[in-house]
Amino acid sequence: MNNCESFKGLLVGLLDGELSPDEARQVNEHLTRCAACRQEYEQLRETTGKLAAVAYIEPDDAVLAQVWKSPFSRAVRNTSLVLIIGGYAGLIGYGLFEFLTSGTKELPAKMGLAAIVLGFLVLLVQMIRERVKTYKTDPYKEIER
Ligand SMILES: [Zn+2]
């Protein structure tokens, strides 16, 4: 039985892993017997493989990753993070202080603000903890000297 045309449509599906197990078995069986389809399959595989490789190794990404991983940019990143978080915390603390000492009697508003600040602080602590954990388990830590 020679129905190469119907198998050709399935070759892409096989490459993409989109066929059902039964379909994949049928295509594989046909490929073992049919040199023409096998060649077609190899060509397809090569083409998609090349495309994937090109997409994977974007020069810009590689350069970016290099810069991103360098110790200098890591230090800059950490410093910026500390500055941003510190600035945020300072602003919120100042705002809270001003608000609470302004003599307003609007207790619900105060409680609302306090809840927001509390939520932010919890989030902040969690973020720092996550960051410390990431830093400790960073596989690149030892390489970056
Ligand atoms: Zn065939």
Would you mention how many residues in the stretch 1-44 are near the ligand (Cβ under 10 Å from one of its atoms), modelled with pLDDT of 90 or more and acidic (Asp, Glu)?
1
For the stretch 1-47, which positions are in a helix (DSSP H, G or I), under 36 Å from the mean Cα position of the chain (by Cα) and surrounded by fewer than 11 Cβ atoms within 10 Å (Cβ to Cβ)?
9, 16, 21, 22, 46
What pairs come out if I take residues in the stretch 109-125 that are under 23 Å from residue 83 (Cβ atoms) and pair them with residues that are aromatic (Phe, Trp, Tyr) whose C-beta lies under 7 Å away, six or more apart or interchain?
none
Within the stretch 78-108, considering residues that are farther than 27 Å from residue 127 by Cα and not hydroxyl-bearing (Ser, Thr, Tyr), the one surrounded by the most Cβ atoms within 10 Å (Cβ to Cβ)
106
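The values are calculated or read from the model by the stated rules, or taken from the named source; none is laboratory data. Please read these numbers as outputs of a predicted model, since none were measured by experiment. When we count neighbours, we look across all protein chains shown, and the Cβ atoms used for this are built from the backbone with ideal geometry, even at glycine.
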